[in-house]
Structure formats: structure tokens, C-alpha cells
1. Rg/Rh for segment 280-396: what does it come to with C-alpha atoms and Rh from Kirkwood?
2. To two decimal places, what compactness ratio does segment 301-346 give when its Cα radius of gyration is scaled by 2.2 N^0.38 Å?
3. What are the principal axis extents of the Cα atoms in segment 213-270, in Å, biggest first?
4. Over the residues of segment 333-421, compute the C-alpha Rg and express it relative to 2.2 N^0.38 Å.
5. Determine the per residue accessible area of the chain with all protein chains present and a 1.4 angstrom probe, expressed in square angstrom.
6. Listed here are the pairs Lys68/Lys345; Lys68/Lys240; Lys144/Lys240; Lys91/Lys305; Lys44/Lys359; which of them are more than 26 Å apart at the Cα?
7. Can you list the lysines whose alpha carbon sits under 21 Å from that of Lys312, skipping same-chain ones fewer than 8 residues off?
8. Report the net charge of residues surrounding Val216, where surrounding means a beta-carbon distance below 9 angstrom and charges are Lys +1, Arg +1, Asp -1, Glu -1.
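The values are calculated or read from the model by the stated rules, or taken from the named source; none is laboratory data. Remember, it's a predicted structure, so these values are computed and weren't measured experimentally. Neighbour counts are summed over all protein chains in view; Cβ atoms, including those assigned to glycine, are modelled from backbone coordinates with ideal geometry. We work out accessible area using only protein heavy atoms, side chains counted, and drop any ligands, DNA or RNA first. Shrake-Rupley method; radii C 1.70, N 1.55, O 1.52, S 1.80 Å.
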Amino acid sequence: HSLKNTRRAADNEPLLRFREAKKVLGDVYGELKENVGELEAVYKDIKENDFVSAEQRAEVEAIRDSIKTIMDTFQRDNMKVVFFGRTSNGKSTTINAMLHEKVLPQGMGHTTCCFLQVEGSEEEVGHLQLDDNPQRIDMQMLGKIGHALSDENSDLPAMGQDSLLRVFHPKQTNSEECRLLQNDVVILDSPGVDLSPEFDSWIDKHCLDADVFVLVSNAESTLTQAEKNFFLRVAKKLSKPNVFILNNRWDASAAETENIEEVKKQHLTRFRHFLVDELDVCSEREVNDRIFFVSSREVLESRLKARGLVQKAYQAEGHGTRALEFQNFERHFEQCISRSAIHTKFEAHNRRAHEMIGKMRLNLNSVLTSAADQRSKLQNSLNESTRVFNECRVNFTQFEQAYREQTERLRAEVHLKVSAD
Ligand code: GDP
């Protein structure tokens, strides 16, 4: 049992790293917030405030506000993966296999005529939302919503291909099956690339913050120009995007093709060339961990069976190798998405924290400098007063001495006169 737990913890590791990074950063910002608050209070308390300028006070207030904004933002930060490919290549099936559950409708080239974003929800019952619209839609609508969205008589607002339907799926605490959603992974299913896509608006609206792209290709055919074009645009807009290629339906190819190893080699050569030379998104060494030959349908069905959700799972000959390949993909995917999200999202917050600490140091230094200036001015004027006072005292002593001598003399003269009389 404990071995299973250890293995589970190890399996979970890359995704957990993101959460850890989030926690560490939360602690750093929490302490920063306390320090800034303390400084603000000290500045407020200084009544004789010649040496804390209005500018310095305003800067501390601005830092306090930025800290709050950043803390709100990174609580919402997540790891994002976009699935992409032609209709019916198996994008929804792959996503469902990774979630160990039929979350998205699949088959019949269904209705993914808009973007579907699956994210974890703390609630027990899932629901849908149209983009930022807070109105909740019943989960039951998911299968029909594509039609509904394009139906003029629908109650739902008209939505374009680049619009977003958010699927809030319960995280089901303690369930290994939902570990992607539990660990802040957000999954985006895109409309089929064959549906005359407007790539630029897709990319601008949904992909700029993506950590990983998964191209689900159909192992029975080669990449189309539309599939290539999308990634060429992505690679132009994002620097070195992380791209995985899944040759899905490998079960069907394996069953129908005699010289399967030859076919696999051909696919590999083409995909390597695409990723390394055309897109220039990874090196010759990395590319081996980016291309996988899988059957999402087999994996999904065996996972559903393992959970007792179906009686029989579809499995063709050689399924064991394909299942391992799928797990291998998941391992590399988790490492990649976690590394990328920590790098891009937290690096930026970390840099901001450094900047703010630097600003606070300068702010404090200049207050200390003007305090030291004032102290030396005060010291100078104190020294001057002491000198004048000393001078006065010397003068006074001299005067006292002279006075005493004079009175002595006077007294002696008076005494002489009196004696003479
Ligand atoms: P999408 O349009 O890209 O989201 O594709 P779907 O996931 O809806 O899949 C389209 C059809 O292909 C469905 O009927 C799936 O059952 C089937 N399919 C998906 N993956 C595989 C696979 O690996 N092997 C086989 N044989 N069928 C698959």
C-alpha cells in the first residue's frame, strides 16, 4: 500500500512542483507584504517628516498595491495545454483518456465548433459557462451546445468559432483520476483545424498563455497543410512553444498495415523534420520525447473499465505497447507543462518581487541618507552652539576675574583712605 502511495507521489511529482512553486511564491509575497506594511506604518508615524518625502511615501503605497494585484493573479495561475488537430483525429478521446473519464463528448466529428476548456471545480456538481459570462449552464447541455450555439433560435448568445465554453468538472478530492485538474492543469480542446479556422484570433485569444500544445494527428494519414500552418503561426507568435505530436489511432494502422515499422519510421522522419527544422521548436535530442504512437481509444476504455464504468474495453493486438507509449507521453507531458508553467509564470512574478525589493531598498536608503543629513546638520548646529557657549563662558570667567580684581582693588583703596583719615 505504501509502495503504491510512494509511486503515486513520485508520479505526481512534476505537477506537484507547480503547486509547491505557487506556495513558495505565496509565502515570499506574504512576507514582502508584511514588510511593506510595516514600512508604511513607520512612515505614517514619523510626524517630523522632513526626511520622508511625499514621493517615497507614494512609492511604498504603490508597491503595496502591486503586491496585492500579483497575489490575486498568481492564485489563479494554472498550467495550460491546448489540443489541436483535424476533426475526428481523437482530440476529445485523448483528453478523456488523460482524465480517466468521458468528460467531453466524442465521436461523429461532434460539435467542437468552439473552444472547450476543461478546468477543475471545487464543487460536487459540474457546470458550464460561456467564457466570462457568470450564468451557469447545466452540464447536460455539453453534448448539444455546439448545435445550440449555431442555432439562431437558441436562448444562448451567438458565439463564433473562437469563442470559449468552459467546462467546470468536479475535482473529486482524493481521486487519482483527476490529478490533472486537481493540480491546476487547464485543458483546451480546439475546433477542428479543417473548419476554415482563423488562426490568428485563435492564437491571440486562447494560446498566448499556453504552456504546451498537443497535436493529435491521425496515424493513417500525414499532416495537412492546415495543421502545419497553425503551428507555424504559433511558433511565430510564441518563442519556442512546447509541441507534442500524438499519432493517434495507431491501433487501426497496426491492424491494417503489413509493414508497420516502415510506416512508423516514415512518420517519425516527417514529424522530426517538422518539429526540428520547420518549426525549430526542439533539438534532435529532445524530439524523441515529443512524438508518440498511441491509441487513445484503447487507453480511455481500459481506464473506464478499471474504474468499473464499462464492462468491456476495446483492445486490439499490441495494445500493451501502445498503453505504455501513452503513459510515456503523459510522463513527458507532465514534466514539460510543469517546467514551462513554473518558468514562464513564476519567473515573471519572481522578477517583479526582486524589482520591488530593490525599489524598497533604494527608498529606505534615501530616507536614511536624508536622516543622516539632518543629523549632521543638527550636529553642526549643536557644535556651533557649544562653541559660542564656551566662548561666552570664557568671556564670563574673564569678566568675573576682572570684576573680582577690581572690587578687591576698590576695597583696598577704600580701606587705605579710611586709615589715612
Ligand atoms: P475529435 O473530433 O478530434 O475530438 O475526435 P474524437 O475524440 O471525437 O474521435 C472521433 C472518433 O474516433 C470517435 O468515434 C473515437 O471513438 C474514435 N477514436 C478516437 N481515438 C481512437 C483510437 O485511438 N483508435 C480508434 N480505433 N478509434 C479512435
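1. Ratio value, two decimals: 1.67.
2. 1.62
3. Taking the Cα atoms of segment 213-270, the three principal extents are 41, 18, 17 Å.
4. 3.11
5. 57
6. Details: Lys68/Lys345 17 Å; Lys68/Lys240 31 Å; Lys144/Lys240 37 Å; Lys91/Lys305 20 Å; Lys44/Lys359 19 Å.
Violating the 26 Å limit, Cα to Cα: Lys68/Lys240; Lys144/Lys240.
7. List returned: Lys102.
8. Working: positive: Arg86, Lys91; negative: none.
Value of the local net charge: +2.
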